[in-house]
Amino acid sequence: GATLQEREEAEALQITVLFTGTAQTLHAIREAAALAAELDARIRILLIQVVPYPLALEQPRVRPEFRVRPLCAIWKGEAIETLIDIRLCRDCWAGLAAGLRPSSIVVVGESGSSWPFTWERRLLRHLRKQGHQVISVRGSKK
């Protein structure tokens with residue numbers, strides 16, 4: 001069975017920030033931090049990295065740590081406690097399904113483009129269709 005700490009972590013309210021790029025994710029983390037403070041929730045950054053089939057699943061072309069390193073350096077001075085969850089997978093949608101609890105609160109940073117067919121918009125539609133509570137953060141916030 002799970003330890004008491006593991007059960008408490010599983011039951012704790014969690015806000016998941018999907019990594020969509022350094023700048024977008026930083027804006028999303030700031031929004032999630034404000035929400036987490038109100039709800040006494042934890043923040044988790046979920047990075048889904050698709051590894052193409054010619055490569056071993058454990059050997060992506062780019063190490064995922066390199067994608068989140070600039071983000072860590074930027075928010076290091078801020079009082080935002082976060083957990084980084086990196087999921088290596090073959091299919092993005094399957095990785096998302098495995099990485100999110102049912103009815104998760106998910107914050108997604110968007111690039112600010114008015115184009116309705118961006119990757120982030122597609123992601124938002126997919127998450128809402130799966131029953132998640134989605135918050136979109138667009139543009140830059142100073």
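When segment 91-127 is filtered for residues that are open to solvent by 50 Å² or more (accessible area, probe 1.4 Å), among the charged types (D, E, K, R) and touching a residue at least 60 places away in the same chain (Cβ under 8 Å), only ARG101 remains. Residues that are out of contact with any strand residue (DSSP E or B) (no Cβ under 6 Å at 6 or more places or on another chain) and in a helix (DSSP H, G or I) within segment 97-119 comprise ALA97, ALA98, TRP119, listed in sequence order. Once segment 20-30 is narrowed to residues that are touching a residue at least 60 places away in the same chain (Cβ under 8 Å) and open to solvent by 40 Å² or more (accessible area, probe 1.4 Å), the residue that is farthest from ARG87 (Cα to Cα) is ARG30. Give the residue that is nearest to the chain's Cα centre (by Cα), with candidates limited to residues of segment 31-73 that are of a type outside the set (A, V, I, L, M, F, W, C) and open to solvent by less than 30 Å² (accessible area, probe 1.4 Å). Among those that are of a type outside the set (A, V, I, L, M, F, W, C) and open to solvent by less than 30 Å² (accessible area, probe 1.4 Å), it is ARG44.
The values are calculated or read from the model by the stated rules, or taken from the named source; none is laboratory data. Since the model is a prediction, treat every value here as computed from it, not as a measurement. All Cβ positions, glycine included, derive from the backbone under ideal geometry; neighbour counts span all protein chains shown. With ligands, DNA and RNA removed, areas are computed over all heavy atoms of the protein, side chains included. Shrake-Rupley method; radii C 1.70, N 1.55, O 1.52, S 1.80 Å.
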